[in-house]
């Protein structure tokens, strides 16, 4: 189940960036900044289900960090946004190991989505098809 979730997540991450590219959303950075904020929002939502204040606070702090990175990435460059997505994917892997709020398959799917989307963004910037 975890492998299937990761494969689906990777496919969806690549597809999302491809659709953003074809829609012209990568001609500027706001869509990518919103994407980074959106992927970081799920863990605070899942943490609220636990009714554990410490867990909620931890995931809110992590969200604030990624939202701040999204702001700076919007201002300074798509590479920061792509790095933020890849970084969130790495966080997902770590949360899968230590335990994360939400469905057991979520870290695998979200992590693969984030890493695939971030890698696709890096490639589009390298080829000049997305704004740096």
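The values are calculated or read from the model by the stated rules, or taken from the named source; none is laboratory data. This one's a predicted model, so the numbers in the text were calculated from it and none came from an experiment. Positions of Cβ are backbone-derived with ideal geometry, glycine not excepted, and every protein chain shown enters the neighbour counts.
When residues of segment 1-44 are filtered for being free of Cβ contacts under 8 Å to residues at least 24 places away in the same chain, over 12 Å from residue 81 (Cα atoms) and either crowded, with 16+ Cβ neighbours inside 10 Å or within 17 Å of the chain's Cα centre (by Cα) (or both), how many remain?
Final tally of qualifying residues: 7.
Given the options 18, 36, 41, 26, name the one that is at pLDDT below 95, on the phi < 0 side of the Ramachandran plot and not in a loop (DSSP other than H, G, I, E, B).
26
So, in segment 44-57, exactly how many residues are part of a helix (DSSP H, G or I) and under 19 Å from residue 104 (Cβ atoms)? Full working, then the answer.
Narrowing segment 44-57 to residues part of a helix (DSSP H, G or I): 44-50, 53-57.
Then drop every residue that is not under 19 Å from residue 104 (Cβ atoms), which leaves 44-50, 55.
The qualifying residues number 8.
Quick check on this structure: which one of 132, 117 is in contact with a helix residue (DSSP H, G or I) (Cβ under 7 Å, 6 or more places away or on another chain) and touching a residue at least 60 places away in the same chain (Cβ under 8 Å)? Explain how you work it out, then say what you get.
Details: 132 fails: touching a residue at least 60 places away in the same chain (Cβ under 8 Å).
Result of the check over 132, 117: 117.
Among the residues of segment 76-113, how many are closer than 24 Å to residue 20 by Cβ, loosely packed, with under 15 Cβ neighbours inside 10 Å and free of Cβ contacts under 8 Å to residues at least 12 places away in the same chain?
Total meeting the criteria: 1.
Quick check on segment 114-131. Is at least one of its residues within 30 Å of residue 1 (Cα to Cα), part of a helix (DSSP H, G or I) and at pLDDT below 95?
Within segment 114-131, the subset within 30 Å of residue 1 (Cα to Cα) is 114-123.
Going one step further and asking which of them are part of a helix (DSSP H, G or I), we end up with 114-123.
Going one step further and asking which of them are at pLDDT below 95, we end up with none.
Checking segment 114-131: not a single residue is within 30 Å of residue 1 (Cα to Cα), part of a helix (DSSP H, G or I) and at pLDDT below 95.
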